[in-house]
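One structure is given below, encoded as structure tokens.
The values are calculated or read from the model by the stated rules, or taken from the named source; none is laboratory data. These numbers come from a predicted model, not from an experiment. Note that we place each Cβ from the backbone using ideal geometry, even for glycine, and neighbour counts take in every protein chain shown. Ligands, DNA and RNA are stripped out before the accessible areas are found, and what is left, the full protein with its side chains, is counted by its heavy atoms. Shrake-Rupley method; radii C 1.70, N 1.55, O 1.52, S 1.80 Å.
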Amino acid sequence: MQTWLGPEFIKTSEGREADAILRSCVHCGFCNSACPTYTLLGNELDGPRGRIYQIKSLFEGKAVTRQTQLHLDRCLTCRACETACPSGVQYAKLADIGRAEIEKRVPRSLPQRLARSALCWLVPSTGRFGLILKLARAARPLMPSALKRYVPVAKSPGIWPQARHARRMLIPAGCVQPVLEPGIDSALARLLDQHGISAIPLYPGCCGAVSHHLSASQQTRTRIKTAIDALWPHIEAGIEAIIITASGCGAMLREYGYLLREDPSYSVKAARVAALCRDPVEIVESLPLGIVGKGRRVAFHPPCSLLNALKLEGRVEAVLQRAGFELLPVNETALCCGSAGTYSILQPKLARELRDRKLRHLQLPRPEVIATANIGCLTHLNTASEIPVVHWLSLFEAG
Ligand code: SF4
Ligand code: SF4
């Protein structure tokens, strides 16, 4: 697609990058059928091709409005369009650049500004989020049952094995996962310990995904650098891998090299962190797991971050089948569940529609349990699921 960059973008790195991505799009529209918002709303402007066109207009200097911002806000950044695109268009990078530019040009309403600032302040802080959750849990007995589902009960992480093996891998905790589901990382630590690998826990703070989703560029860079500073001594000590049990956060760490590529102090470190980052399935699939599943019937929901960002389609399912679980067929596997970072809070109607559609498919084959690979999807689906939704690593404990 031909583009004519506006004068204010010609010399900026954002402008040049957007231009290169825009030129790779041939406007064929194959991506639209993979897009959850196009599927729900049927509006070209709420599909990838239409969003690309709106970003093109922005970079050509044409006016952008609140309506443009809304179409971009409705995008889940699930990257299903990238997987479907025959021309390899890097939609997510273009959307990030476009959103940041729109943020500068279109002032948000006061309620939107307050909501986004509150999310940036609350969610990435384990302490603050944990305190709010503690208060909500105290009030849980008084809540109507529909509201209770949004306040998961407190769980114990169980024992974290002492480091006793020569092979060592790092498991950094995320921001909300340690308070919502503290047993996921420790389940992986126990599994690795059984197979001769010691897992080292680390609390580096939020990976930056939350602020990145909200186009808060400065806060994102600060959070990434703080995380790198916490990880770096372990990297220098020769840690074998950095395992992230939330695929959304894992996808974020894989982007560190790209996001800090122009930072002279951090670009090399950021690229090193990204190269060491692994999803748990990339480690667990090489272990001699034995048969622990005993034929338990599982429906697996692969998060978009696992499918479209980390490109690990089918890998968790293969591990579970090898371990003796019965994997049930599920329709529309690649369609986003509507969680998408803070999307379920900022776009609740679309998020609920996608969640309910996803749950209909997941519950149809009547599984004993639904498994997934990302804390956001797990929490979001559990707000309405009749069947427990767990992280797939937890199945190795219950099995
Ligand atoms: S992003 Fe890809 S699939 Fe979508 S219109 Fe452009 S070239 Fe076609
Ligand atoms: S990232 Fe997802 S929601 Fe956004 S345009 Fe692509 S397919 Fe649609």
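Tabulated data
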{"read-out": "Residue ID - nearest to ligand 2 (Cβ to nearest atom), chosen from residues in the range 15-69 that are of a type in the set (A, V, I, L, M) and exposed (fewer than 15 other Cβ atoms within 10 Å of the Cβ)", "value": "Val26"}
{"read-out": "Pick from the range 14-52, criterion among the basic types (Lys, Arg) and within 14 Å of ligand 1 (Cβ to nearest atom), ranking: farthest from Asp73 (Cα to Cα)", "value": "Arg23"}
{"read-out": "Pair list, Cβ < 9 Å and 6+ apart or interchain, from the range 25-49 residues that are without any contact (Cβ under 8 Å) to a residue 12 or more places away in the chain and aromatic (Phe, Trp, Tyr) to residues that are more than 10 Å from ligand 2 (Cβ to nearest atom) and outside any helix (DSSP H, G or I)", "value": "none"}
{"read-out": "Helices (runs of 4 or more DSSP H) enclosed by the range 36-147 - at least 3 residues per element that are of a type in the set (Gly, Ala, Ser)", "value": "91-105, 110-122, 126-139"}
{"read-out": "Residue match in the range 240-256 (condition: modelled with pLDDT of 95 or more and over 21 Å from the mean Cα position of the chain (by Cα))", "value": "yes"}
{"read-out": "Number of the condition not met by Ala340 [criteria: (1) touching a helix residue (DSSP H, G or I) at 6+ places or on another chain (Cβ under 8 Å); (2) of a type in the set (A, V, I, L, M); (3) assigned to a helix (DSSP H, G or I)]", "value": "(3)"}
{"read-out": "Close pairs (6 angstrom Cβ cut-off, 6 or more residues apart or separate chains): open to solvent by 90 Å² or more (accessible area, probe 1.4 Å) in the range 141-158, outside any loop (DSSP other than H, G, I, E, B) and not aromatic (Phe, Trp, Tyr) anywhere", "value": "Lys155/Gly183"}
{"read-out": "Tally, over the range 159-204, of residues that are open to solvent by 40 Å² or more (accessible area, probe 1.4 Å) and assigned to a loop (DSSP other than H, G, I, E, B)", "value": "8"}
